[in-house]
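Each value in this text was obtained by applying a stated rule to the coordinates, not by laboratory testing. Keep in mind that this is a model prediction, so the values were computed, not measured. A quick note on method: Cβ atoms are made from the backbone with ideal geometry, for glycine too, and the neighbour counts reach across all protein chains shown.
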C-alpha cells in the first residue's frame, strides 16, 4: 500500500486544471475539496472495501464512504452482482421494473412506521417530496425546521448560496434542536397553517459538535404534531441504515408519519425513498412527483441487495464496534500528544474537533496530515463508518492518525 506524500499528484493537478475550464469553479458543492483543504485529492478512480484510490494511484483508508452512501464497503460483491444482473435486463425502461415492488415490500417490512414506500434519486428529492405530501394532506403551508439543519440543496430549504430568496422560504419557521419550548413557540407562530415538522434524528450541522436527540424532545415533537395535526417528518437521509434499520428514532420509541431516506440505501447507487403511514396514502396519490430516472432498475436492485445484506448480516453491530474502537483510539492519541479534542455524535458517524479551535485551523491541519499519511477524513463534516471496516483496518487508521498528531505537534500547532 502506498502512503500519500505531502503534495498532490500530477494527474490530480492536471485534472483540476482541465476541470476549471469546463466545470464552474472546477467542481461544485461538497465535492469541491479546495473549500476545506489543500491536501485532499478531489479525483478518485476506484474503491474497494474501505479503501479508495486517487487519480495518481495513491490508496487511502476511507472514513468518508462517498460522504455516506457506502455502508457495506466499496464494490460489495453482493451489491455488485445485483447491479450486473439487472444491467443484463435493462435499467431505464418504459415501465417500472418488478424489482421496485420487491424492494418496496422489503422496506415496508423493515421499517415499523412504513405502510408504503416510494422511490426517487437523492435526499433532496425525498425531503422535498415529504413536505409536498404533508402540505397536500393538511391543506396547510407552514413547516417547522431546526435552525442550521440541512435538508437539501434547493431553494425551499437551502442554508446558503446566492440565488435563494426570502420568498423561497417564506413558510419556514425555525426552532432550536433539542429545545421543545422553541418548537412549541414556532408552532404557535404558525397557528392554524401548520403543515409539518421536519427534524433530523440528531443534530449534524457542519462546523459544530453533533448532538444526539434528547428523548424528551423527540417525544415532545411527536406529541406536538399530534396535537396540532401537523405531519412529523424524520429526515433520515444521513443517518438511515447506520443507526437502526427500522429508523433512527426507533430506539427512542418515536415513529414519524413520513421518513426521507437516501445515502446508504443502495451502497453508492443513486437512490432515495419516502416511507409513510396509511393515513397519508391518499395525499401521496394526489401529488405529482416524478423524474426521468426515478424508476431506474439498477439502483433499485442495488437497494434491494443492500437491505437484504443489512438485514441478514452483522453490519450495524460491526459499525458500532469499530466506531467505538476508533473513538477510543483517537481519544488516547490526542491525550498522549497533548491535545484536547471533542468527539460527538454516534460512533458510526463520528466528528472530531480540537478544543479552542474556533477557526478550525488546527483541525484542518490535522486532517491534512492524516490524508498525507493515507487516511481520507474531513476536518469539520462528520465521517462515516462502513461494514467493510474491520478491527485491523481501524488499527491501521489509528497508526496513521497517531502519526498525524505527531506531525501536528512537530509543526508547533
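Taking the number of other C-beta atoms within 10 Å as the exposure measure, put 94, 407, 115 in order starting with the fewest.
Ranking 94, 407, 115 by Cβ neighbours within 10 Å, fewest first, gives 94, 115, 407.
So what is the relative contact order for the range 98-294, in percent, with contacts set as C-alpha pairs under 8 Å and at least six apart?
RCO, the range 98-294: 31 percent.
Using the basic label-point model (7 angstrom from Cα toward the beta carbon), what is the residue 290 to residue 311 distance in nanometres?
Placing both labels 7 Å beyond Cα along the Cβ direction yields 3.0 nm.
Taking the Cα atoms only, what angle lies between the long axis of helix 10-22 and the longest principal axis of the chain, rounded to 10 degrees?
The answer is roughly 40 degrees.
How do 32, 222 rank when sorted from fewest to most other Cβ atoms within 10 Å of their own Cβ?
If I rank by nearby Cβ atoms, fewest first, I get 32, 222.
Take the alpha carbon atoms of the range 330-344, find their center, do the same for the range 44-99, and report the distance between the two centers in whole angstrom.
The distance from the Cα centre of the range 330-344 to that of the range 44-99 comes to 34 Å.
Please tell me the relative contact order of the chain in percent, rounded to the nearest whole number, where contacts are Cα pairs under 8 Å and at least six residues apart.
Across the chain, relative contact order equals 23 percent.
Alpha carbon centre of the range 377-411 versus the range 9-41: separation in Å?
23
Given Cα pairs under 8 Å that are at least 6 residues apart, what percent is the relative contact order of the range 297-394?
Worked out over the range 297-394, it gives 29 percent.
Counting each DSSP H run of 4 or more residues in the chain as -39500 (n - 2.57), what helix-only mean residue ellipticity at 222 nm follows after dividing by all residues, to the nearest 500 deg cm²/dmol?
Taking each H run of at least 4 residues, the total per residue is -12000 deg cm²/dmol.
Considering only C-alpha atoms, what is the centroid distance from the range 246-266 to the range 218-234, in Å?
Taking the Cα centre of each part, the range 246-266 and the range 218-234 sit 15 Å apart.
If I fit a long axis through the Cα atoms of helix 77-89 and take the longest principal axis of the Cα atoms of the chain, what angle between them do I get, 0 to 90°, rounded to 10?
The angle comes out near 60 degrees.
May I ask for the angle, rounded to the nearest 10°, between helix 215-228 and the longest principal axis of the chain, with both axes built from Cα atoms and the value confined to 0 to 90°?
Taking Cα atoms only, the helix is inclined about 30 degrees.
Report, please, the projected area of the range 126-219 averaged over directions, based on the convex hull of its C-alpha atoms, in nm².
6.4
Please list, short to long, the whole-number percent of alpha-carbon pairs of the range 98-294 in consecutive 10 angstrom bins beginning at zero.
Over the range 98-294, the share of Cα pairs per 10 Å bin runs 9, 39, 39, 12, 1 percent.
Taking the number of other C-beta atoms within 10 Å as the exposure measure, put 405, 293, 119 in order starting with the fewest.
Going from least to most buried by this count: 293, 405, 119.
Given a 10 angstrom Cα cut-off, can you work out which residue in 276, 329, 73 is the most mobile in a GNM of the chain?
In this elastic network of the chain, the residue with the biggest mean-square fluctuation among 276, 329, 73 is 329.
What three numbers, in Å, describe the spread of the alpha carbons of the chain along their principal axes, ordered from the longest?
Sorted largest first, the three principal extents are 61, 53, 45 Å.
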